[in-house]
Structure formats: C-alpha cells, structure tokens
Amino acid sequence: MKPEVGEILTGVLGAVFTDIAPHLPEGYSQGSMSLIALLMIFSAQEYDRAADVRASENDAMRALFADVAGSVPDPDLRARLEKASHKIDESLRVSALNASNGGLKELLIELHVLAEESDTSWACAADEMIWAMMAEFTAARHLDMPVM
Amino acid sequence: MTEEIATRFAAYFEAERPECENVSITDVVRIHGGASRQTYRLRATYLLNGRPRTERLILRRDPESSLIETERSTEVGALLAFQDSDVPVPRIDFLETDTKWLDRPFFVMEEILESAPGRVFQPDPYGDAREKVGRQFWEILGAIHGADVDELELSDDFEEPTEPHTAALDYWEDVINEDELEPQPLVRAAIRWLRANPPPPPRRITMVHGDYRHGNFLVNEAGDITAILDWEMCHLGDPLEDLGWALDTIWAAPEEYPGGMIPAKEGLEIWSKVSGIHVDAGAMLWWKIYSAVKGMAIWISSAREFAEARNMDPVIAFSGWYPAQAHSESLIELMKQARAQKGRGA
C-alpha cells in the first residue's frame, strides 16, 4: 500500500495545522485539534514498529522462561513457564500479538515475584534479567514528542 | 451545547440569586484541558438594585466519565479553606449537587483575568519570569503545607490517615487493579518495592494538593502566580507527596530548572523555610516512585475510559498513551536508583 499509513498520518498534519486548526474556535476545539494532531504523530511512529515491538517482547520473554524454568522450585509455575516458552506467534496481527503478550507478561510478573523472594543465584540472575528486559521493552516503546 | 449551558445556568443563577434581575449568560466557551471535569468560561450580566453588573465566571461540571473519581465537594472544600490566605485560589460562588440544573453536579468560581497556565510540554514556559514564578511556586506549596489542618475548617470529606503512604498507595493500587487493560510488570514491581521499603512517617499531617505542578496554576504577565488550580485530588497526608509530584520529571523537566522554574534544591529550601518541614532525601525517592505509580494509575484509567468508549475526548486518548509511556521511562530510572540502594541493579 502506497502511501504507507505512517506517511499518510504525518503527511496530512500540514493541512491540520495550517488549513483546519486556525479556523476552529479558540479554546476546547483548537486544543483538541492539537491533541488529535499529536495522536496522529504518535500513531505514525507506532504503525511502523507495532508488530516488531510486540513480537520481540514475546520472543524475549519466552527465551527468559526457557532459561530459568528449570530452576523454578514451584512445579506449577515451572510447568507453565516451560509451556509458554515453547509457543510461537503464528499471527503477526497486532491484536494476536497483544493477546500473547498479555499472557506472557502475567507469567513474567509471577516469575518476578518469586525471584524477588529468593536470594538464590538463579533468582538474583532472573531479577536482573527481568529488570533489563523491562528497561528494553520501555525504551522500544518510546514516543518522540515534537517540539511545541 | 454551549447555548444549552447558557440557558440552563441562567435559570440556576436566577433561582440562586433572586435579588438579580434580567440575568443573561453569554460568551460560554468550553476550555480545553480539564480531563477530570468539563470546564466552561462564561459571562453573567444582570441588574442588581437597578444597576447593571457583569461577572466573569468559570463553571466546572462533572463529566459523564472522569479520569479522577473525586467529589467536587472535596475540591471546593479545599478552595474554601484557602480563601483570603497566602495561597491564591479563586473565589467560589456556587456548588450544586442537584442534577436537575445541568444534568450533573457542578461548581462555579470567579475567572482569574489576564492570567494563563504554563504549557506543560513547552520549553521555557515562563521565560524571564522563571525565577520569580519558581520562588512563588515553592513558597505557595510551603504555605499549603504550613497551614494547620485543624484551623482550615475542613469538612468530613477530609479524613486524617493513620499511615499516609499506605493510604495513598492502597488507593492507586486499587485503581490499577480495577482499570488495567493489560498486565503491568513494571508498575507491579514498583508497587512491591514501595510496600517493602516504606518511608518514615511524616513530621505532621498536612493538606496535600494532590496535583501541584507546573501547568496547574495561573500566572499573569508580571510573573505573579494568581491562582492555584486543580484541587480534585486534594486530601490530608504526607506533604512530601506533593514534592514528589511537583518534581516528577514528566512535567518537571529539564533537570536544571524543573518545570521551567528554579532548580529543585533551591525550590526545596524555599519550601522548607515556609512550611517548617525538613526534606528527608530517602523519603523523597519513595514519593517520587509513588508519584510515577500514581501517574500510571491515572493513565491506565484513562486508557480504559477511551477503550470502552466511556469518554472519547482526545485528551483521554492522549493521557492513556504518551504520559503512560513517559512515566514508564521515569519509573525505570527511579527504580535503578532504588535497586542500587539495595545492592541490586547498580
């Protein structure tokens, strides 16, 4: 599809700022239009990376679960970590990736709680890996705010 | 919509002030930015004892859905408590909970003229007045926290918490539990850290504004702060809660002059002098992390409001996205500091 969605969203911003917003009443209408323009900018940023961000997060969490599952003392959690680590994302639709992402993050929380409660070497290592992972996930979703 | 507001509020005004004749409500304009209440600017003209009068007013009406579930009586109660004090607040004219007038509860206050709020994402919002505004910003917060709560004549809406930090965290964790649309590993980890590392108890319980920050006060051209606004989240608690919120990097950037005002160290010295309260550096980290968690709770609620089409205002969509991302980034940095103290993540 050409133009790409991101190009469309950013491309029409000029019209929003120069042809539309100035003709709206001051106050709520103009303020809302500015926010809509910002949302378009963020949507353009997200469009290009959305599937990659989610698929990468899912892969990273599965790899972590595969790494640490064998050391997890709780047999139920260990089994669920192992099961989750063997799955793959069959669809790259954002909705499908979000669904698996949510399930994996629930498991990540459970694992993190367990790791925090233990002083064993695997738990300390898992805690460090989870924090590093959360920092990477957060950075990957960064939004560039245009200079206002 | 604004015409309907004008007609219906005119009827209310006449009923509440029978001494006023020929009441006319004009120039009704919805003001942008009120995510917790719908805010309108309007002009009331009428005859009093045969003489024409004009009042410029601000009407704040509860929305059908809001980011922040608060009683407007709490907000009004705080505004009334600080009338004619060192804390500049608008005069309150009406508080109405009967929904027959405007479908939802509302209150009305004077419009502070020739003043405007600083824009949150604008670099250097106060320009040459930066230092003057900054000094007042911290002096006024010191005055809020220096006020004796027993002398503020507060209503029963204000309860004194036994453990302010626990009450505050419980409240926002409940909001997250209720509203999250997706699991939040980072926020949950931060909450666990806050639970495991409580701050020392406050020297005294004070009024906490709850949303004291750059963007929530009005400044005139001379650089005078003319009104402290947005008291929706005010309550009694630990004054350091307001410090953590005021210095939250999401609106208090850049580091050299947070919020486009004065350096944090200078601001906190002013605040301490006015409030008479010492700043505990260890407790400040707790309250900064708490602030990021509280922010996340608000943005998580916002995302849900929008996703479930309960409030389709663009500000709700924006709130659910950009500030949530910014606060996540802030939490990562704050938790690095917190974990380094415990020998992890250094």
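The values are calculated or read from the model by the stated rules, or taken from the named source; none is laboratory data. Please read these numbers as outputs of a predicted model, since none were measured by experiment. Cβ: placed from backbone, ideal geometry, glycine included. Neighbour counts: every protein chain shown.
Give A:31, A:6, A:14 a once-over and let me know the one that is at pLDDT below 90, crowded, with 17+ Cβ neighbours inside 10 Å and in a helix (DSSP H, G or I). Can you show your working first?
Values: A:6 fails: at pLDDT below 90; A:14 fails: crowded, with 17+ Cβ neighbours inside 10 Å.
Checking each option against the conditions leaves just A:31.
Table: residues versus (1) at pLDDT below 95; (2) assigned by TED's automatic domain parsing to the domain that holds residue B:137; (3) under 20 Å from residue B:154 (Cβ atoms).
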residue	(1), (2), (3)
B:173	no, yes, no
B:177	no, yes, no
B:180	no, yes, no
B:190	no, yes, no
B:194	no, yes, no
B:197	no, yes, no
B:204	yes, yes, yes
B:208	no, yes, yes
B:212	no, yes, yes
Exactly one of A:135, A:66, A:99 is among the hydrophobic types (A, V, I, L, M, F, W, C) and away from chain B (no Cβ under 11 Å), and that residue is A:66
How about the range B:85-161: which strands (runs of 3 or more DSSP E) wholly inside it have at least 1 residues that are free of Cβ contacts under 8 Å to residues at least 24 places away in the same chain and over 30 Å from residue B:258 (Cα atoms)? B:92-96
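So that you can scan it fast, the table gives a plain yes or no per residue for (1) touching an Asp or Glu at 6+ places or on another chain (Cβ under 8 Å); (2) among the hydrophobic types (A, V, I, L, M, F, W, C); (3) farther than 23 Å from residue A:9 by Cβ; (4) assigned to a helix (DSSP H, G or I):
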| site | (1), (2), (3), (4) |
| --- | --- |
| A:43 | no, no, no, yes |
| A:64 | no, yes, yes, yes |
| A:78 | no, no, yes, yes |
| A:84 | no, yes, yes, yes |
Which numbered condition residue A:91 fails, given (1) of a type in the set (Ser, Thr, Tyr); (2) closer than 21 Å to residue A:129 by Cβ; (3) in a loop (DSSP other than H, G, I, E, B): (2)
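To keep it simple, each residue is scored yes or no on (1) buried (at least 22 other Cβ atoms within 10 Å of the Cβ); (2) more than 30 Å from residue B:59 (Cβ to Cβ).
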residue: B:208; (1), (2): yes, no
residue: B:212; (1), (2): yes, no
residue: B:256; (1), (2): no, yes
residue: B:280; (1), (2): no, yes
residue: B:298; (1), (2): yes, no
residue: B:304; (1), (2): no, no
Can you name the condition, by its number, that residue A:44 falls short on among (1) touching a Gly at 6+ places or on another chain (Cβ under 8 Å); (2) closer than 24 Å to residue A:113 by Cα? (2)
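Just checking, which of B:140, B:144, B:92 is at pLDDT 90 or above and farther than 20 Å from residue B:275 by Cα? Even if it seems obvious, please write down each step before you answer.
On the way: B:140 fails: farther than 20 Å from residue B:275 by Cα; B:144 fails: farther than 20 Å from residue B:275 by Cα.
Unique residue meeting the criteria: B:92.
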Flag if residue B:279 is at pLDDT below 95 and within 13 Å of another protein chain (Cβ to nearest Cβ): no
Between B:250, B:191, which is hydrophobic (A, V, I, L, M, F, W, C), within 14 Å of another protein chain (Cβ to nearest Cβ), under 16 Å from the mean Cα position of the chain (by Cα) and more than 28 Å from residue B:81 (Cα to Cα)? B:250
Output yes when any residue across the range B:299-313 is free of Cβ contacts under 8 Å to residues at least 24 places away in the same chain and within 11 Å of another protein chain (Cβ to nearest Cβ), and no when none is. yes
Hey, among the residues in the range A:99-148 that are among the β-branched types (Val, Ile, Thr) and part of a helix (DSSP H, G or I), which one's surrounded by the fewest Cβ atoms within 10 Å (Cβ to Cβ)? A:113
Give me the residue from the range A:34-75 that is surrounded by 19 or more Cβ atoms within 10 Å (Cβ to Cβ) and charged (D, E, K, R) and, out of that set, farthest from residue A:104 (Cα to Cα). A:54
Kindly provide the set of residues from the range A:102-112 that are touching a helix residue (DSSP H, G or I) at 6+ places or on another chain (Cβ under 8 Å) and facing chain B (nearest Cβ under 7 Å), ordered by number. A:105, A:108, A:109, A:112
Qualifying position, being among the hydrophobic types (A, V, I, L, M, F, W, C) and buried (at least 19 other Cβ atoms within 10 Å of the Cβ), among B:15, B:11, B:44: B:44
Give the residues of the range B:150-171 that are at pLDDT below 95 and of a type in the set (A, V, I, L, M, F, W, C), sorted by residue number. B:152, B:154, B:158
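Let me confirm something: among B:317, B:246, which residue is crowded, with 24+ Cβ neighbours inside 10 Å and among the small types (Gly, Ala, Ser)?
Details: B:317 fails: crowded, with 24+ Cβ neighbours inside 10 Å.
The conditions single out B:246.
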